[in-house]
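The values are calculated or read from the model by the stated rules, or taken from the named source; none is laboratory data. Here the structure is a predicted model, which means the values were calculated and not measured. Here the Cβ is made from the backbone with ideal geometry for all residues, glycine too, and neighbour counts use every protein chain on show. The accessibility values were calculated without ligands, DNA or RNA, using every heavy atom of the protein model including side chains. Shrake-Rupley method; radii C 1.70, N 1.55, O 1.52, S 1.80 Å.
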Amino acid sequence: QRQLATWVLQEQLSQRACRGGRPARFSYYRSARGGTIDLVIELDPAGIIAIKILAQEGWDRRELEILHAFSKKCVESKRAAPRLIALGPVDSKEVEAGVEILPWESLA
């Protein structure tokens, strides 16, 4: 999973460098219970993208809960609701309870 997270970060950095995209801050999020969001991209002025990597072939909807908790925390702190993305073992884009689930390869 760490290799996938590193690949996603490197891909984002290289795409932004080539395209001259908007300035962004990259980080990750870890909840008090130890769950993680692998990449949080903060765009100026107020946009946020939260990316969770579903590293297993068989994944469970509960893995998306951390994205919902992060979104709620952002809204409570008067920030814009983030775009929620999960990268996983799917063939095409799916939407599950407000989370876009994209194939792993979609960020390439």
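Structural remarks
- Residue within segment 44-54 that is within 23 Å of Pro89 (Cβ to Cβ), in a helix (DSSP H, G or I) and either among the hydroxyl-bearing types (Ser, Thr, Tyr) or in contact with a Gly (Cβ under 6 Å, 6 or more places away or on another chain) (or both) present: no
- Of the residues making up segment 1-26, those that are under 22 Å from Lys78 (Cβ atoms) and either charged (D, E, K, R) or exposed (fewer than 11 other Cβ atoms within 10 Å of the Cβ) (or both) number 3.
- Residue in segment 62-80 that is touching a helix residue (DSSP H, G or I) at 6+ places or on another chain (Cβ under 8 Å) and touching a residue at least 12 places away in the same chain (Cβ under 8 Å) present: yes
- For segment 29-60, a residue qualifies if it is open to solvent by 30 Å² or more (accessible area, probe 1.4 Å) and over 17 Å from Val99 (Cβ atoms), and the qualifying residues are Arg30, Ala32, Arg33, Gly34, Glu42, Asp44, Pro45, Ala46, Glu57, Gly58.
- Test: residue in segment 57-75 that is assigned to a loop (DSSP other than H, G, I, E, B) and of a type in the set (A, V, I, L, M): no
- Within segment 85-104, tally of residues that are among the hydrophobic types (A, V, I, L, M, F, W, C) and either open to solvent by 60 Å² or more (accessible area, probe 1.4 Å) or in contact with a Ser or Thr (Cβ under 6 Å, 6 or more places away or on another chain) (or both): 2
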